[in-house]
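Reading through the C-alpha cells given below for one structure.
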Amino acid sequence: MKTELESVVIKFAGDSGDGMQLAGMLFTETTANVGNEIATFPDFPSEIRAPQGTVAGVSGFQIHFGSSGVHSPGDSPDILIAMNPAALMANLSQLKPACTIIIDIDSFDKKHFEKAGFEGNPLEDGTLADYNVIEAPIASLTKTGLADLGLDNKSMLRCKNMFALGIAYWLFNEPLEKSLSFFDRKFKSNPTIAEANKRVLKAGHHYAETIEAIRSSFTVLPAKKAAGTYRNITGNQAMAWGFLAAAKKAKKDLFLGTYPITPATDILHELSKHKWAGVKIIQAEDEIAGICSAIGASFAGDVAITTTSGPGMALKTEAIGLAVMTELPLVIVNVQRGGPSTGLPTKTEQSDLMQALYGRNGESPIAVISASTPANCFDWAFEATRIALEHMTPVILLSESYLGNGAEPWKIKLTEELPDIHPRTLESYDENWKPYNRDAEKLARNWVVPGTKGMEHRIGGLEKDECTGCVSHNPQNHAKMVEIRHDKINRIADFIPLQKYKGKDATKLLVVGWGGQFGILFGAVNQLQKEGKDIAFTHFNYINPLPKNTAQIFQKFDRILVCELNKGQFAAYLRMQFPQFNFEQFNKFEGLPFKIIDLKNKFNEILNEA
Amino acid sequence: MKHKMEAATIGCPLKPKDFASDQEVKWCPGCGDYAVLNAVQRALVELNVKKEDVTFISGIGCSSRFPYYMDTYGFHTIHGRGVAIATGVKVANPELSVWVVAGDGDALAIGGNHFIHAIRRNVNLNFLLFNNEIYGLTKGQYSPTSERGKITKSSPHGTVESPFNPLELAIGAHSSFYARVPDTDVKLMTQVMVEAEKHEGLSLIEILQNCVIFNDKVHAAITAKESKADNQLILEHGKPMLFGAEKNKGLRLKGLELEVVCIGENGITADDVLVHDEKLENPTLHYLLSRMSLPEFPIAMGVIRNVEAAVYDKSLHAQISKEQENSKFKSLNDLYLSGNTFRIN
C-alpha cells in the first residue's frame, strides 16, 4: 500500500565522518529532480571529525519535501535515520510521536550507549516506545555485500551511508538513477569504490523492500510550481551565480577578494570553478587584504565583492569605512553564524545586523540588504551589485548559515531575462567633471577609473571637498559631506520596490521578519491564515534604507511582532526609525532556525489576548 | 615593463612638472620626501609613461600623502593596507603602472603581513619603502626599524626590541627585485626607479629617508658628503664592487662572509674584487650585501637583486584565459542549464 503525502521531513543523522551530508545532498538532488518542493537544513559540528560516537560529533541533514506547503526544512523529522545511538540521542527531544526511526542496530551496543549518554539500551527501556522503530543491521549488511571487492574494513564501512540512502529512496519511491550516475562520475578513476557505493545503495533499497517492516511506502506528489526549467541550488552557490550574472549585466569583470571562513567559503569554492567566466579571484593573506584587494579592484573598475562571516566582518570594518568615504562600489557578503567571537561557526544566527548597520567609526551609512531563501541569494547578489554600481556605495549583503548551506529548487533565470545594470562609469574626458560631482537624483558620483585619459585624480580616506574631492578639513564642508553620505543612502529608497505584506484584511497582528527565516515565518503565518486568524506577515530584504511605505504598513495593525534569530536587533532598529510604533519581539538564539510550532504558539498567544 | 608599452607622447615629451598635481606639498621643510617626489617624477618622464596609466597607492603616514602630489591616479588608503589595495588594482587592470608608497611603520608594523605576502606572490608593483626608522605622523614613536635601545617618546628608557632589516624580510619572502637608495641621491633614485618599473614582478626599493623633525640625521653617517664615498657601495650589475673616494676599496668573499679589501694592499688586485651580479638565482650573496652595516662595511645601494620569477597577476590572468579557451561553458546560460535540471510544464 502506498500513502500519498503532501510533504514529508526526513533526516539523516550519524557521526560527522559517516557521510550524512553526502547522503542528504544526493537525496535532495533526486527529490528536486522529480519535481518536489524542497527545503534542506544541513547541521554539522565545526570539527571536521568530532569525537566518534558522541552527541557533539553528530552530523545531520534534514530535508523537507513535498507537493505544497514546503516553506522550511520542517520542525522535526517524520523519518529519522540514526546511524548510531548518539545520532538518536541528539534528535530524541525533537521527535514527534509515531514518527519512524531507522537505526543501524550494529552500533547499538553498550560502548555506544555510554558514549551517547544513554543509561541503558533505549530499544529496551521504553525510551522509544512511542515511535515506529526499524532495526536494520546497516554496517554488517554493507560489509557482507562488499565482501568480494577486496576493500579494507574502513573503506567498506564508508559506504554505509548509501545503505541508509537506499532505504530512504525506497520509502519515498524515488528513482536511484541520479545517485548511481553520480558515483560513476565522482569515482571515474576508482571504479571499485564507485561499484561499492552503487552496490550498497541498491542493497539498502532491496533491504527496505524485502523487510516490508516499514509500514507502507510513501509517495510524495510533484509540486505544482510555475512552469520553467529548474535546478537544485544551495544559497552559497546561488549567491556566486548571482554575482556572475550581475557582472555580466553590468558589462564588467567580476573580482572576488576573500579569505576562507565558515560558512561563507563555498561562495569562494563556487566562483573558483568559473574562471572561464572571467572572474578574478584573490584568496588573500587575511580578511583585511580580502576586502582591500576588492576595494583596489573597484577603484580600477571591476565589479568587486568580498565574502565573509561575522568575525571576518569585524576585521574588514576599517576597510568598509574607506569604501564608504571614497564612495566606491563594493558588495560585502556576510554569511552570518552564531557569535560573538568564534562563536558557533557552523550554526545559524541573525546577530550581525547591528554590526552591518553601525559597526564602523564615524558617521558611516551603508546600504544593507539581505537574502531570504537559498535560491533568492541569486537575486539579492544581483540586486546588491546593482545598488553598489548605480548608487556608488558599498553594500552589505547579509546571508545566514541556514541559507548558505540550505538548498531548494531554483527556477533558472537566463541572462536575457535579467535587466541591465548601469554603472556610473565616465569613459571620456568631460571638462565639467569633478571627482565628487554628483547626480541630482541619486547623489552618486561618477566612476572614473585609472587609465581614463585627462581625468587623473586622487581619492582617499581623509575628508574631502564636496566637489573637487581634494582633502578638506573645513568644518562646514565636513558637516555637508556627512549629510550627503547619509542622504545618498536614503535616496536608494526611491529606486527600490515598495514593501509588500500578506494578509490584506488582517488588522490585529503583523508578523515582521527579515533575512533567512522567511520560509519558516511564512509557513507559520500561512497555517494560521488558513485557520482564519487575524494575522499578516511582512518580510524585509531591504534593511537600509527601508522601503518608503514601511510605516504605512505598520500603522494598519494593533500589534507588531518582530521575529528574528538574535536578541532583537531588527526590532531595535525599527524602534529607532519608527518610535511611534510598539514593536514586540520573538527571539531565538540557539544556533538553530525557528520552529513553526513555536511561532504558531507565540502568534496564537498574542491573538488570544483581548 | 609594468605599464602598457605605448609611448606617452610623440615629439613633445612630458616634463617632471607635468606629473605634479595642483596640491600644495605639505611635508616639513627639509623632509627627505621632497627628493623622492622629484626622483619619481623624473623616472616617469624617463619611462615615457602616460599619466593616466600610472596609479599611486599609499597607506597612512607622512609619506603616504604622496599620491596627492602626483597628477596621476592616486589612492590614499588605510594604515598598512596600501599594497593589499594595490594588488587588487593590478589584478583588475594589469596594464597600469602601480606604485605603492609606504613608510616603515605602515609597511613593516601594521602592514607587515601584506608586505611579505605581496612579495611572496610577486605582484607586478613598484614598492617605495620610505625608511626613516621612526613614526612621523604620530609624532615620534619608535618603529620596527628603529635601532635597539632607541630613545623616543614612546621609549624614554630605550627600546627593548631589535629592528627588522626590510631587505632581509624581502629575501625571506623570495623577493625578485630589491634595491636600496639614499634620499640624498636623486640621480641614483631615478635610475633605480626606472629599473624597478622595467622589472616584471614586485620591485622593492628601500629609501633611506630623513625625518628632519623626529629622527634627524638618522642616516647621516651613510649620506653625509664627507663620508658617503666610504660608507656607500653603489652596486652596478656586471661591475666590480668598489667604493671609497679613490675607488680602491672593494669586497671579496672569505668563506661564508664578506670582507673589505684595499686594492694594492697585501697583494690584492682588482681581480680579487667581487663583481655584482643582480641576476644570481641563489640569493646568498645578495643577502650578505643587504646585511652589510657600518662601521665594518659600507651600506649597499642600488639594485641588489633583479631576477625573473613568475608574476602573480600575469599567472592569474593566464589561468583565466586558459579556462576561457578550454571550458565547456561558453556562457552563463550554459552553466545554469548544465547538470541536473528539470522542467515543470
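Every number here is computed from the coordinates shown, using simple stated rules; none is lab data. All of these numbers come straight from a predicted model, not from anything done at the bench. Every residue, glycine as well, gets a Cβ built from its backbone with ideal geometry; the counts of neighbours run over all protein chains shown.
Projecting the Cα positions of A:Ala264, B:His114, B:Thr269 onto the charge dipole of the protein assembly as shown (unit charges on Cβ atoms of Lys, Arg, Asp and Glu, taken about the Cα centre) puts A:Ala264 furthest along the positive direction.
With runs of 4+ DSSP H residues as the only contributors, calculate the mean residue ellipticity of chain B at 222 nm using -39,500 (n - 2.57) per run, divided by the residue total and rounded to the nearest 500.
Working: 10 runs with 92 residues, N = 345.
-7500 deg cm²/dmol, from helical runs alone.
Annotation: for a label point projected 7 angstrom from Cα along Cα→Cβ of B:Leu137, residues of region B:212-234 with backbone N closer than 19 Å are B:212-215. In region A:427-551, a dipole from Cβ-located charges (positive for Lys and Arg, negative for Asp and Glu) runs towards its positive end, and of A:Asn437, A:Cys467, A:Val512 it is A:Val512 whose Cα lies farthest in that direction. In the frame of its principal axes, region A:489-610 has Cα extents of 39, 35, 24 Å, reported largest first. Under a Gaussian network description of chain B, with springs only between Cα atoms under 10 Å, the residue in B:Gln41, B:Gln23, B:Gln232 that fluctuates furthest is B:Gln23. Using just its DSSP H runs of length 4 or more, each adding -39500 (n - 2.57), chain A gives a mean residue ellipticity at 222 nm of -11000 deg cm²/dmol after division by all residues. Over 15 Å apart: what share of the alpha carbon pairs of region B:200-288 falls there, rounded to a whole percent? Result for the distance tail: 68 percent.
Averaged over peptide A:268-278, the number of partner chain Cβ atoms lying within 10 Å of each residue's Cβ comes to 4. Per the Kirkwood formula applied to alpha carbons, region B:217-345 shows a radius of gyration over Rh ratio, Rg over Rh, of 1.44. Relative to the longest principal axis of the Cα atoms of chain A, the long axis of helix A:287-299 lies at roughly 50 degrees. Here the contact order of chain A, divided by its residue count and restricted to Cα pairs under 8 Å and six or more residues apart, works out to 12 percent.
Among beta bridges from DSSP that stay inside chain A, the antiparallel ones total about 35%.
Distance between the 7 Å Cα→Cβ label points at B:Thr341 and A:Ile48: 3.6 nm. Global size of region A:2-220: 16.3, 48 Å for Rg and Dmax (C-alpha atoms, Rg to one decimal, Dmax whole).
How long are the semi-axes of the ellipsoid equivalent to region B:1-137, from square roots of 5 times the Cα gyration tensor eigenvalues, in whole Å, largest first?
On the way: eigenvalues 112, 75, 23 Å².
Whole-Å semi-axes of the equivalent ellipsoid: 24, 19, 11.
Distance between the 7 Å Cα→Cβ label points at B:Asn266 and A:His422: 7.9 nm.
May I ask you to order A:438-447, A:58-67, A:242-251, A:422-431 by the average number of other C-beta atoms within 10 Å around their residues, highest value first? Could you put the intermediate results ahead of the total?
Details: A:438-447: 16.9, A:58-67: 25.4, A:242-251: 23.3, A:422-431: 13.1.
Taking the mean over residues of other Cβ atoms within 10 Å, the ranking is A:58-67, A:242-251, A:438-447, A:422-431.
In a simple Cβ point-charge model (Lys, Arg +1; Asp, Glu -1; nothing else charged), the protein assembly as shown has a dipole of about 1320 debye relative to its Cα centre. With 29 Å as the limit on Cα-Cα distance, the pairs of B:Lys17/B:Lys90; A:Lys273/B:Lys50; A:Lys251/B:Lys50; A:Lys249/B:Lys198; A:Lys480/A:Lys588 that go past it are A:Lys273/B:Lys50; A:Lys249/B:Lys198; A:Lys480/A:Lys588.
Listing A:Cys377, A:Cys470, B:Cys262 from fewest to most neighbouring C-beta atoms within 10 Å gives B:Cys262, A:Cys470, A:Cys377.
Determine how many Å³ per residue the convex hull of the Cα atoms of region A:121-243 encloses. All intermediate terms of the calculation are to be shown ahead of the outcome.
On the way: hull volume 23.0 nm³, N = 123.
Looking at region A:121-243, the number lands at 187 Å³ per residue.
Per the Debye formula on identical point scatterers at the alpha carbon atoms of the protein assembly as shown, with no solvent, log10 I(q)/I(0) at q = 0.06, 0.10 Å⁻¹ is -0.53, -1.13.
Applying the Karplus relation 6.51 cos²θ - 1.76 cosθ + 1.60 with θ = phi - 60° to region A:465-476 yields 3J(HN,Hα) values of 4, 3, 10, 6, x, 5, 4, 9, 10, 4, x, 5 Hz, where x marks Gly and Pro. Spin-label model, A:Asn549 to B:Ser162: label points 7 Å out along the Cα-to-beta-carbon direction sit 7.1 nm apart. Which residue fluctuates the most in chain B, going by a Gaussian network model with Cα springs under 10 Å, if the choices are B:Ala170, B:Ala220, B:Ala196? So, out of B:Ala170, B:Ala220, B:Ala196, the one fluctuating most is B:Ala220.
Peptides A:458-469, B:79-90, A:513-524, ordered by how many other C-beta atoms sit within 10 Å of their residues on average, highest first, read B:79-90, A:513-524, A:458-469.
What is the dipole size for region A:231-417, taken about its Cα centre, with +1 at each Lys and Arg Cβ and -1 at each Asp and Glu Cβ, in debye to the nearest 20? Could you put the intermediate results ahead of the total?
On the way: 15 positive and 19 negative charges, 95 e Å.
That gives a dipole near 460 debye.
Shielding by partners for peptide A:236-244, expressed as the average number of C-beta atoms from other protein chains within 10 Å of each residue's C-beta, is 1. Per residue of B:49-56, other chain Cβ atoms within 10 Å of the residue Cβ number 4 on average. Comparing mean-square fluctuations of B:Pro94, B:Pro13, B:Pro67 from a GNM of chain B with C-alpha springs under 10 Å, the top value falls on B:Pro13.
Given bins 20 angstrom wide, list per bin the percent of all Cα-Cα distances in chain B, short to long. Each 20 Å bin holds this share of Cα pairs: 29, 53, 15, 3, 0. Taking the C-alpha atoms only, the angle from helix A:310-326 to the longest principal axis of chain A is near 20 degrees.
Residues whose amide H lies under 5 Å from that of B:Met292, counting only those 5 or more places away or on a different chain, are B:Ala300; hydrogens are built 1.01 Å from N in the peptide plane.
Extension gain for the segment A:Asn432 to A:Asp130, taken as residue separation times 0.36 nm less the Cα-Cα distance, is 100.9 nm to one decimal.
With R₀ fixed at 22 Å, the C-beta to C-beta distance from B:Lys247 to B:Ala224 puts the FRET efficiency at about 0.75. Region A:422-492 and region A:1-70 have Cα centres spaced 50 Å apart.
Inter-part distance, region A:251-324 to region A:364-406, computed on C-alpha centroids, equals 14 Å. Rg over Rh of region A:231-417, using C-alpha atoms and the Kirkwood radius, what does it come to? Ratio of gyration radius to Kirkwood radius: 0.93.
Fully extending the segment from A:Thr415 to A:Gln94, taken as 0.36 nm per residue of separation minus the present Cα-Cα distance, adds 111.2 nm. Taken about its Cα centre, chain B carries a charge dipole of roughly 800 debye when the Cβ of each Lys and Arg holds +1 and the Cβ of each Asp and Glu holds -1.
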